[in-house]
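K.L.:
Below is a structure I'd like to ask you about.
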């Protein structure tokens, strides 16, 4: 085989350092957990919730109008109000203004119309969620997330039937959730119901590269252990690149997508980045160590 | 299962045939019926006012209008132009000849037909509210929890209310969440009815009282029938100026049941008479209450005293800044009152816990951008795979597989009449992403030049793929029940897409790859 000499060289370097691979991701995981702890202490919750999870109204006003006046006038009337602009990526023109507040739809509508903006069925979308309902939603989605994680863990244990490899995969899935969560909190992103659904998706989606790695590493007879891990890496990284290719255009190339859509994609994108280090540093380290110890060469 | 090459011509394997068969079936499911709709000539009737002249002539929901008075109708614009032309000059009865795809209807009318029209659907796919526009309300009884049977009763009454009110493009469903709460989910496609809020949340308790005694209430027990859409017994009576605007009075006749009429006779028989300038009336009035608010007080003429009368005239008024506003307000109040009198009141007070109204214009913009995004994703993934494998055949087969998965998922959505909302489409894209990942695993296993048979290598690939498949299913399942099922679409389409991948496209893809390798 032509690639043999390169493989050999890689081997020695890899064999020397693999035990330190998990250091960086584990540090990031610890920092994320500590940050989330502080965040929880400060905010009383693990995320910034948008109105679909905390109760209130979102009004989307379509069109390219002067939003400054409207924003300043509304800020005077409502203490807790947020604005986001949807702009066209190429022309930079405003497509719509999204207004969020815990106020009721009627209050917010009246305040907007007071500034002279006429709200019609055509130029606006109004979404109202009652606070009891949204709290219920939040509670249930968190329960769903936990159930989802437990079910996923069971599947992994059934699949591999051994503790260490299964644990490595589950740890990676856990980090894939915790890291994006901390980053989103740090960036001040308000998470919606669709966002939590995306975290559920992440639970199922991010483990496929880990399954690939563990399966390839544990199955003997396909070259050396390092070759098998290297091959898994080449396949897995392509998998993650295609995933990113599918979700990133939603931020850099296409504008004017529904908010729920963008949030799902944002979380999958951040989760995929986290998965790269969690799989190819932490897991590779653990699995290689495990195989060496068990004599799987 | 792989069949041998026969000369230069490759024979397709059973798995590939299954994929082709399912794709054809999907095409048939997605195409509109009849397929000539694709040409887009005509407009479809989305709803029609019952008892209107068009309805009586035989026009029905779902029919496709092709011509009006010999003018061809291809688009909604053609229709509105034709109708405004016809009714621009004519104030009297006009003869309308409406030709549909398979019939002709002729009727006389003095106003534009009471129809809601839409463009011909190009596919059988249905888009959700966030993409097509419309309104959604999640309703629950205030302060009490109810069983799912009670929610079904509520749905039956609400459904009747919407029918009476003339809103037909509506879906009512009972939903239950993880914590066992029952809700009624109301979805109206297209434009939002202005009074949706009131229609679904008002208890609609109607009471007619004389003094403190209830004479009759809304609903079938007391009210045999209500006159609507018949100018001889229902309509706007008069309009007049009031302070700060205009007011219009409406009136309509209702027919009491035998029992309610007797009660009316009993109560009135005990009343004395007042003599006023306008005439001789009983000393107490008939007070009409809607949700405990006094709507109107009607004088009862002396000759009704103690008489068993089944026919009663209900009156009320509407106000507004202009005459037109007052007229509309009066019409609306009349319709509301009629609806409640027919359907009766709901057994409890309701609370709207979620109300979304989505602009159809914004929704269309979103849908357009999602389609562009979809194409872009296909393109980028093809380019990446081509760069990696440098084989056009492999790239094409991956793209074909991705496309098949999305297409079959859409067909199933059309088949089960699933409304595709933004999360549903995100689910399809995520599912396709998993699909691509799986195919990369298969390709990498099959092109690795190791001393294991191709069959064995693909078998190994399927172990990884099945593992990934079950974790995705496990992760998405809880979403079916959480949050009143509003994110069910996301879970459904993801699970559908990955399942189609595992069952249909991936086996076919593996065979296609074997062919390419050979």
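Each reported figure results from applying straightforward, stated rules to the coordinates on display, with no laboratory input. Not measured: the values here are computed from a predicted model. Heads up, the Cβs are rebuilt from the backbone with ideal geometry, glycines too, and the neighbour counts pull from every protein chain shown.
K.L.:
With springs only between Cα atoms under 10 Å, which of A:284, A:207, A:158 fluctuates most in a Gaussian network model of chain A?
P.N.:
Highest fluctuation among the options: A:158.
K.L.:
Let a ≥ b ≥ c be the square roots of the eigenvalues of the Cα gyration tensor of the protein assembly as shown; is it rounded (a/c under 1.5), or, if not, prolate (a/b larger than b/c) or oblate? Please report the intermediate quantities before stating the final value.
P.N.:
Details: a/c = 2.62, a/b = 1.99, b/c = 1.32.
Note, shape of the protein assembly as shown comes out prolate.
K.L.:
Using 0.36 nm times the number of residues separating residue B:262 and residue B:102, minus their current alpha carbon distance, what extension gain do you get?
P.N.:
On the way: separation 160, 0.36 × 160 = 57.60 nm, distance 5.16 nm.
Answer, rounded to one decimal: 52.4 nm.
K.L.:
Right, another one. Which percent, to the nearest 5, of DSSP beta bridges fully inside the protein assembly as shown are antiparallel?
P.N.:
Working: 101 of 105 bridges.
Approximately 95 percent, going by the DSSP bridge assignments.
K.L.:
With a Förster radius of 22 Å, plug the Cβ-Cβ distance of residue A:19 and residue A:163 into 1/(1 + (r/R0)^6) and report the FRET value to the nearest 0.05. List each step's numbers first, then the result.
P.N.:
Numbers: r = 19 Å, r/R0 = 0.89.
The value I calculate is 0.65.
K.L.:
With labels modelled as points extended 7 Å from the Cα through the Cβ direction, what inter-label distance (nm, one decimal) is found for residue A:252 paired with residue A:12?
P.N.:
3.8
K.L.:
Considering every residue in A:228-240, what mean count of other chain Cβ atoms within 10 Å of its Cβ is obtained?
P.N.:
Details: counts 1, 0, 0, 4, 3, 0, 3, 10, 4, 1, 10, 10, 1.
That works out to 4 on average.
K.L.:
Moving on to the next point. Would you mind calculating the relative contact order of region B:206-345 from Cα pairs under 8 angstrom and at least 6 residues apart, reporting the percent as a whole number?
P.N.:
Once divided by the residue count of region B:206-345, the mean separation gives 33 percent.
K.L.:
How tilted is helix B:392-415 with respect to the longest principal axis of chain B? Cα atoms for both, answer in degrees (0 to 90, nearest 10).
P.N.:
With rounding to tens, the tilt is 20 degrees.
K.L.:
Using the alpha-carbon atoms, what tilt in degrees (0 to 90, nearest 10) does helix B:454-476 show relative to the longest principal axis of chain B?
P.N.:
20
K.L.:
Roughly what would the spin-label model give for residue B:14 and residue A:224, points 7 Å off Cα along C-beta, in nm?
P.N.:
Placing both labels 7 Å along Cα→Cβ, they lie 4.4 nm apart.
K.L.:
Same structure, new question: Just from its helices, what would the mean residue ellipticity at 222 nm be for chain B, if runs of 4 or more DSSP H residues each count -39500 (n - 2.57) and the sum is divided by every residue, rounded to the nearest 500 deg cm²/dmol? Provide the component values of the computation, followed by the final result.
P.N.:
Working: 14 runs with 225 residues, N = 518.
One gets -14500 deg cm²/dmol as the mean residue ellipticity at 222 nm.
K.L.:
If I stretch the segment between residue B:24 and residue B:372 completely, what's the gain in nm (0.36 nm per residue apart, minus their alpha carbon distance), one decimal?
P.N.:
Details: separation 348, 0.36 × 348 = 125.28 nm, distance 2.45 nm.
Gain on extension, residue B:24 to residue B:372, equals 122.8 nm.
K.L.:
Normalised by the number of residues in region A:144-285, what is the relative contact order in percent for Cα pairs under 8 Å and 6+ residues apart?
P.N.:
Values: 124 pairs, mean separation 50.9, N = 142.
Normalised by residue count, the contact order of region A:144-285 is 36 percent.
K.L.:
Relative contact order for region A:56-129 using alpha-carbon pairs under 8 Å, separation at least 6, rounded to a whole percent? Walk me through the numbers before you get to the answer.
P.N.:
On the way: 113 pairs, mean separation 34.7, N = 74.
Contact order relative to length: 47 percent.
K.L.:
Once label points are set 7 Å from the Cα along Cα→Cβ at both residue A:41 and residue B:325, what is their separation, rounded to one decimal in nm?
P.N.:
5.8
K.L.:
Treat the count of other C-beta atoms within 10 Å as a stand-in for reagent exposure and order B:108, A:61, B:337 from fewest to most. Can you show the working numbers first?
P.N.:
Values: B:108 11, A:61 21, B:337 24.
Ordered by Cβ neighbours within 10 Å, fewest first: B:108, A:61, B:337.
K.L.:
Highest GNM mean-square fluctuation, chain A, Cα pairs closer than 10 Å: which of A:47, A:241, A:191?
P.N.:
Answer for the Gaussian network model of chain A: A:241.
K.L.:
So how much slack lies between residue B:280 and residue B:383, counting 0.36 nm per residue of separation and subtracting their Cα-Cα distance, in nm? Present the calculation step by step, with values, prior to reporting the outcome.
P.N.:
Details: separation 103, 0.36 × 103 = 37.08 nm, distance 9.03 nm.
Residue separation times 0.36 nm, minus the Cα-Cα distance, leaves 28.0 nm.
K.L.:
List residues of region B:97-130, by number, whose backbone nitrogen lies under 17 Å from a label position 7 Å along Cα→C-beta of residue B:70.
P.N.:
Those under the cut-off are B:97-100, B:104-107.
K.L.:
Where does chain A land at 222 nm, in deg cm²/dmol rounded to the nearest 500, when only DSSP H runs of n ≥ 4 count, each adding -39500 (n - 2.57), divided by all residues?
P.N.:
Numbers: 13 runs with 197 residues, N = 297.
Taking each H run of at least 4 residues, the total per residue is -22000 deg cm²/dmol.
K.L.:
Between residue B:179 and residue B:301, take the C-beta separation as r, use R0 = 51 Å, and let me know the FRET efficiency to the nearest 0.05.
P.N.:
Numbers: r = 56 Å, r/R0 = 1.11.
So, using R0 = 51 Å, E works out to roughly 0.35.
K.L.:
Does anyone have the angle between helix A:163-187 and the longest principal axis of chain A? Alpha-carbon axes, 0 to 90°, nearest 10?
P.N.:
30
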